[in-house]
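The values are calculated or read from the model by the stated rules, or taken from the named source; none is laboratory data. What you see is a predicted model, and the numbers here were worked out from it, not measured in a lab. Methodologically, a virtual Cβ is constructed for each residue, glycine included, from the backbone with ideal geometry; neighbour enumeration extends over all protein chains shown.
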Amino acid sequence: MDLNLGIEYEAFREEVAAFLAESWRPRTPGGDRLRQERAFRTLATQRGYLYRRYPRRYGGGEQPDDALKEQIIREELAKAGAPGEINSGGSKLLAPTLLSWGQDWQKERFLRAALHGEEIWCQGYSEPGAGSDLASIRTRAELDGDAWVINGQKIWTSNAAQADFMFALVRTEPDAPKHRGISYILLDMRAEGVTVRPLRQMTGESEFNEVFLDNVRTPADWIVGERGQGWQVSRTTLSFERAAVNPPPFIDALLQRLKDVARRRTRDGRPLIECTDIQQRIAEIEGYAMAHRYSVMRQVSMDSVGQDPGAAALCNKLVGTDIGQMIARLSQEMIGEEGLLMPAPGTSRENMDDVFWVMRSSSVAIAGGTSNIQRNIIAERALDLPREGKPA
Amino acid sequence: MNFHLSDDQIALQDAVRSCVRGIGKGQLHRAAFDSADGHAPEFRDGLVALGALGVGIDQDYGGLGLKLVDLALVCEVLGQEAAPGGYTGHVLAALAVQVAGSPEQKQRWLPRLADGSSIATVALGGAQGWEPEDWTLRVEDSKLNGAGGFAVGADAADLVVVGLAGGGLTIVEMAPPSVTITPLDGSDRSRRLFDLHFTDAVADPLPIAAGPRIYDALLVLLCADAFGGASRVMELTADYARTRVQFGRPIGGFQGVKHQLANLLCEVEPCRGLLWYAALCFDLDLADRSRTIALAKAHLADRYMHMARSAIELHGGIGYTWEYDLQIWVKRAMFDFAYGGTPGVLRQRAVRLGCLD
Ligand SMILES: Cc1cc2nc3c(=O)[nH]c(=O)nc-3n(C[C@H](O)[C@H](O)[C@H](O)COP(=O)(O)OP(=O)(O)OC[C@H]3O[C@@H](n4cnc5c(N)ncnc54)[C@H](O)[C@@H]3O)c2cc1C
């Protein structure tokens, strides 16, 4: 073990940095930022830096699997402030599922636009009666000639109001056992019978929605995997979702903000960052953050040579969630009376202020599988303790 | 990137593990813990046979020529197995001679330290403070006078490497009456502690002031012990939770217990990467070496202690007895917590070294 990236990787890093210096102009005044970003992504994908696991004909970079190169690319993009892969339901959740399970025509039709954010997707899993116990969903789909007819309700559906399409779990085999009666189905959000009702979140924004589905028709072949295989198909996206929660670069950015707050705020005329109690608490969080960072690095490195990283991978979501909450707690301590106010107007998930993160950090403990559900998974799969609901 | 163990490193850990487990019907940790002097000559011979005493010593001097990360991997296993003895002090003394010694000092000591014909320990700080900036002893006219604290296994050592004011280090041979050793009633009976007193003891200072480096190495090896110990306690406790029955089922089926254990795993498991990184910081002499290592030791000491405490609780009454082996790891956690500086002290050190910049 030497942490040395090796000549090949150092050369690769230089290549990426050179590409960025040439192709990404940070903060170009004026101009259409979105268009700039789109043009940059297209170029970076052509060079094989983005969407590497996807074939070129589906809008990918088509590169051999190399977790380390991906890490280098992410680091260099972050350094340059350049946009990376689009972080959306379509690109991070649907696309990998289609790649593993989709028919060729489905990949042809949907992948490129999903990856590049040209078509927006939402995830229709949760229902009022089915959250943690997702397999108890009741929204049904029945085949009627050449179309599925869907009836039911989804809830907490992020970005449904902006979405062009939904990938949904629906019950197609009502007589089969709970987990075997579910199918993974795609539908057009503009189809007749789709009603979206935004829900206002505690942060004030409306990210998630209720979605009502009344006799919504979707073509018979807009099913991913076989009938009744939807549970298995959906597992692909859930594992991707878990891996993406509060990843180390995001935690590092939060910590940096935390230190900024400690420099800005004072107590008895002294910056908080000079007060021993605050120093101790930041340093303690730093310990957790470092462990998370190098644990993830270790998993990436082990993966790249086919070693099994073991229990650590199951822990990532809960670890990231908890660190995010420690940071929120300390930041709340430091911002004091600012915490009496709502987040400043215009703050968003992309550009948060401290109050926003105090609230937002709680959603991380829910979305994509709650912290208690993570604990069940860790206890059962990593520690081999008796399963929930099963007698010993 | 190469941030995973090589086959050789995995083999080294396996060899050390079988060495410990092969002795005394797997009861080495218990036998040494309860014995009068804590010595385990058979175990030391086993380590010598493996070449483990010379892991970090250059091949020119009869060692294996490996790095601190490899020493840490050995210490991780020793921590897992609660293995007795002063391995850490011995290899740190050897490392000190190797990085800071004159050619004559190396020639004289390293081959003997590698093959175990001489045994060494270290005395780096103590009650007045553990950090190199706190060291106060001075060599005058090649003589050392004063006290050195908390030397592990000093009764079996032929020499000690002592930390000096200004971050220097000196070799002192254990020649009574100029060096007297007083056993302490240490709580971790697997690593027996001694106070040293020097009266005009002959000192042979190392020419390079490598104190801060050796102190960092000490902290890394304590991290390794703590990670090994914490992961073993995790395993013991999960095993216990699967087998102990109350209310007609294994206690590990109660969600309160499951969640407590899952939380603990989330504290301990990420530390494997942290340990590796701390060791690599040392081996590669990265710019953030000392502050990263200080934070890592603070973090691991806290995690180990919390794991150990929770383990006692989850074992119920049996966990609080002398007879049950869990207490041996609890005492080791207490050792790793305090030795070299407590988490609070080390976090303050990291702050001084710029971890908040
Ligand atoms: C910001 C945000 C965005 C979201 N976006 C989407 C989306 O785009 N698409 C989508 O489909 N869903 C989305 N969700 C929904 C999310 O997946 C669910 O909220 C989550 O799975 C929990 O379900 P629930 O809300 O019904 O809570 P419940 O399942 O009712 O859980 C309530 C509490 O009970 C605990 N609990 C439940 N079962 C157990 C058990 N067996 N053991 C121990 N504790 C248990 C839970 O941990 C939780 O603390 C989003 C949620 C949030 C907060």
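Is the range B:259-268 home to any residue that is within 16 Å of the ligand (Cβ to nearest atom), more than 8 Å from chain A (Cβ to nearest Cβ) and without any contact (Cβ under 8 Å) to a residue 60 or more places away in the chain? Yes, the range B:259-268 contains a residue that is within 16 Å of the ligand (Cβ to nearest atom), more than 8 Å from chain A (Cβ to nearest Cβ) and without any contact (Cβ under 8 Å) to a residue 60 or more places away in the chain.
Residue by residue, here is whether (1) more than 15 Å from B:V139 (Cβ to Cβ); (2) hydroxyl-bearing (S, T, Y) holds:
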residue	(1), (2)
B:D158	yes, no
B:G168	no, no
B:S187	yes, yes
B:A203	no, no
B:D216	yes, no
B:L222	yes, no
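Apart from one condition, B:L64 fits all of (1) part of a helix (DSSP H, G or I); (2) farther than 19 Å from B:D158 by Cβ; (3) more than 18 Å from the chain's Cα centre (by Cα); the exception is (1).
When A:G346, A:G368 are checked against the criterion of being modelled with pLDDT under 95, near the ligand (Cβ under 8 Å from one of its atoms) and over 14 Å from A:L254 (Cβ atoms), a single residue qualifies: A:G368. Considering the range B:223-259, and only residues there that are part of a helix (DSSP H, G or I) and of a type in the set (D, E, K, R), the residue that is nearest to B:V69 (Cα to Cα) turns out to be B:D225.
Taking the range A:128-194 as the region of interest, the strands (runs of 3 or more DSSP E) fully inside it that hold 1 or more residues being within 13 Å of the ligand (Cβ to nearest atom) are A:147-158, A:165-171, A:182-188. Quick check: is even one residue across the range A:282-291 buried (at least 16 other Cβ atoms within 10 Å of the Cβ), at the interface with chain B (Cβ under 8 Å from one of its Cβ atoms) and in contact with a Gly (Cβ under 7 Å, 6 or more places away or on another chain)? The answer is yes; a qualifying residue exists.
Residue by residue, here is whether (1) surrounded by fewer than 20 Cβ atoms within 10 Å (Cβ to Cβ); (2) assigned to a helix (DSSP H, G or I); (3) within 14 Å of another protein chain (Cβ to nearest Cβ); (4) more than 19 Å from the chain's Cα centre (by Cα) holds:
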residue: A:G48; (1), (2), (3), (4): yes, no, no, yes
residue: A:R53; (1), (2), (3), (4): yes, no, no, no
residue: A:R57; (1), (2), (3), (4): yes, yes, no, yes
residue: A:P64; (1), (2), (3), (4): yes, no, no, yes
residue: A:R74; (1), (2), (3), (4): yes, yes, yes, no
residue: A:L77; (1), (2), (3), (4): no, yes, no, no
residue: A:G84; (1), (2), (3), (4): yes, no, no, no
residue: A:N87; (1), (2), (3), (4): yes, no, no, no
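Determine whether B:A72 is on the phi < 0 side of the Ramachandran plot and surrounded by 22 or more Cβ atoms within 10 Å (Cβ to Cβ). Answer is yes for this residue.
Out of curiosity, is A:L330 hydrophobic (A, V, I, L, M, F, W, C) and farther than 23 Å from A:E284 by Cα? So A:L330 fails the test. Total residues in the range A:336-379 satisfying the condition of being within 14 Å of chain B (Cβ to nearest Cβ), part of a helix (DSSP H, G or I) and either touching a residue at least 60 places away in the same chain (Cβ under 8 Å) or under 19 Å from the mean Cα position of the chain (by Cα) (or both): the figure is 6. Does the range B:169-189 contain any residue that is over 20 Å from B:V330 (Cβ atoms), crowded, with 18+ Cβ neighbours inside 10 Å and within 14 Å of chain A (Cβ to nearest Cβ)? Among the residues of the range B:169-189, not one is over 20 Å from B:V330 (Cβ atoms), crowded, with 18+ Cβ neighbours inside 10 Å and within 14 Å of chain A (Cβ to nearest Cβ), which makes the answer no.
Checking each residue in the range B:261-291 for being part of a helix (DSSP H, G or I) and over 18 Å from B:N2 (Cα atoms) picks out B:L261, B:A262, B:N263, B:L264, B:L265, B:C266, B:E267, B:V268, B:R289, B:S290, B:R291. For the range B:315-357, a tally of residues being within 20 Å of the chain's Cα centre (by Cα) and not in a helix (DSSP H, G or I) returns 5.
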